[in-house]
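Chemist: Structure below; questions to follow.
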Amino acid sequence: MNPDLMRAIDYWVGIPLVFLVTLVSRVQRFIGLATSPAGRPRNILFIQLAEMGTMVVAYPALRKARELHPDATLHFLCFTQIRSSVEMLDIIPPENIITVDSHSGLALAGDTLRFLWRARRRRIDTVVNMETFVRYSSLLAYLSGACRRVGFHRFNQEGAYAGDLLTHKLLHTGHIHAAHGFLDLVHALDAPPDQVPRVKRPRAMDCLEVPKISTDASAADGIWRKLRAIHADIGPTRKLVVINPNASDKFPMRRWPLESFTELARQLLEDPEVFVLITGVASEKPDAQFMCARLGSPRALDLTGQTTMTELLHLFDLSHVLVTNDSGPAHFAALTRIHEIVIFGPESPDRYRPLTSRSDVIHTGYTCSPCIGPFNQRLSPCNDNLCLKSLRVDDVAALVRSRLEALRPAAPVGP
């Protein structure tokens, strides 16, 4: 469904529903019908519905849950279209990934009802809701039947009402990296029950490292064959720059102008050793075609819609530099050896910078930024993203060139 429609449903339908369910929950507690947690968690369900890149940010929390609760079985609930990003982390067994089809209202309603049966069949006793102030996920957590429900609660924060359905309530702060917040959700399961908010701990203790993929000879050969089918002279001795010019239809304000990406590619292609690889899903092909037509260079390769998630990771791992908006590919690239340059505008890099040391974050520091976040369902009122339009192409090009030169001796090898 259209993201704006989903936001509207979550607001106009979600608020009355969570209010009514909250009343039911309070009556259950009052008359003693509410199930009290007993023993250790046995089946833990994580909920993160819509953002593919957030799965990588959630990895340290999933790893910590497995460490603190080694006898528990981990499950994950997400929308169907991002299942592949959960699978690539290789920490949740594929059979434990539950999906909800959000492509239409009818499909969403059907899968929501089926989820209630699935949760009970799997005996889910603990839900960790990684969404922030989303009423739909709050309802799913409650209706799962789990006796432990962990999530972010508004406390005294007005305008973020998502009911009062949590047993373990955490304070949401926009001043730390999201990965620390997700770790708090896991630590809440063992935190003192009378502590408000539930978790208080120094974040210096957190390990935010994410695993790196390994591109073996077979995987590398497959990528090189795909690239050489477009341009025979491409190879590991060339300078490979990947450009991701999109940022999802849900967040158009995150996009650096397509014309700026095109000019960046033009400047980089002045070096005869540079190949520009334009990535994206199939629906983003018009943007890639626009860039290629303007560039008029055989060394600008349109790869939109031509790679699976796994192939995209191997492509990143074999390339030198990625230039991308603040979007999912920035987080996927953290799983590889590529050096990434991530352009932030309406969102804060303090909360969503990639979990890798091989990165540069570009942020123009406008006073109106960040203007999207959980308190407005990531819907910005901005009608002109000057925070991104003001970024000079020459400055980005200079940074890319400097990283290419620094990385040159350590270029990946391949056939």
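The values are calculated or read from the model by the stated rules, or taken from the named source; none is laboratory data. Values in this document were obtained by computation on a predicted structure and should not be read as measured data. No Cβ is skipped: glycine too gets one built from the backbone with ideal geometry, and neighbour counts run over all protein chains shown. Accessible surface is based on the protein model in full, side chains and every heavy atom, while ligands, DNA and RNA are left aside. Shrake-Rupley method; radii C 1.70, N 1.55, O 1.52, S 1.80 Å.
Chemist: Around residue 40, with a cut-off of 12 angstrom between Cβ atoms, what is the net charge of the other residues, counting Lys and Arg +1 and Asp and Glu -1? Let's see the in-between values first.
Modeler: Details: positive: 42, 148; negative: 71, 125, 190.
Within the 12 Å Cβ shell, the charges total -1.
Chemist: Determine the distance separating the Cα centre of region 98-145 from the Cα centre of region 281-345; give it in Å without decimals.
Modeler: 32
Chemist: So for region 321-415, considering every pair of alpha-carbon atoms, how many percent are separated by more than 16 Å?
Modeler: Values: 2640 of 4465 pairs.
Here the long-distance tail beyond 16 Å is 59 percent of all Cα pairs in region 321-415.
Chemist: Classify region 84-149 as rounded, prolate or oblate from the Cα gyration tensor: take a ≥ b ≥ c as the square roots of its eigenvalues, call it rounded if a/c is under 1.5, otherwise prolate when a/b beats b/c and oblate if not. Display every interim value, and only then the final one.
Modeler: Working: a/c = 1.32, a/b = 1.05, b/c = 1.26.
Rounded shape, in that the Cα axes give a/c under 1.5.
Chemist: For the chain, with every protein chain kept in place, what is the accessible area per residue (1.4 Å probe, Å²)?
Modeler: Details: 18400 Å² over 415 residues.
On a per-residue basis, 44 Å².
Chemist: Something else now. Give me, ordered by chain and number, the residues 5 or more places off residue 377 or on other chains with an amide H under 5 Å from its own placed amide H.
Modeler: Those lying under 5 Å, H to H, from residue 377: there are none.
Chemist: Where does the Debye-calculated log10 I(q)/I(0) of region 108-237 sit at q = 0.13, 0.18, 0.23 Å⁻¹, using only Cα point scatterers of equal weight, no solvent?
Modeler: Debye output, listed in q order: -0.69, -0.96, -1.38.
Chemist: How big is the charge dipole of the chain about its Cα centre, in debye rounded to the nearest 20, if each Lys and Arg gets +1 on its Cβ and each Asp and Glu gets -1 on its Cβ?
Modeler: For the chain, the charge dipole is close to 1160 debye.
Chemist: log10 I(q)/I(0), Debye, Cα-only region 296-364, no solvent, q = 0.11, 0.15, 0.21 Å⁻¹?
Modeler: The computed values of log10 I(q)/I(0) come out as -0.28, -0.50, -0.89.
Chemist: Only helical DSSP H runs with n ≥ 4 go in: add -39500 (n - 2.57) per run for the chain, normalise by residue count and round the 222 nm mean residue ellipticity to 500 deg cm²/dmol. Please list the in-between numbers first.
Modeler: On the way: 15 runs with 155 residues, N = 415.
Mean residue ellipticity, 222 nm, calculated: -11000 deg cm²/dmol.
Chemist: Can you check what the Kirkwood hydrodynamic radius comes to for the chain, Cα pairs only, in Å to one decimal? List each step's numbers first, then the result.
Modeler: On the way: mean 1/r = 0.0442 Å⁻¹.
One decimal place: 22.6 Å for the Kirkwood radius.
Chemist: Please provide three numbers in whole Å: the alpha-carbon extents of region 1-112 along the principal axes, with the largest listed first.
Modeler: 41, 38, 22
Chemist: How tilted is helix 54-68 with respect to the longest principal axis of the chain? Cα atoms for both, answer in degrees (0 to 90, nearest 10).
Modeler: Roughly 50 degrees, rounded to the nearest 10.
Chemist: Ignoring ligands, DNA and RNA, what percent of the 1.4 Å accessible area of the chain is carbon and sulfur?
Modeler: On the way: 10210 of 18400 Å².
Exposed carbon and sulfur together represent 55 percent of the surface.
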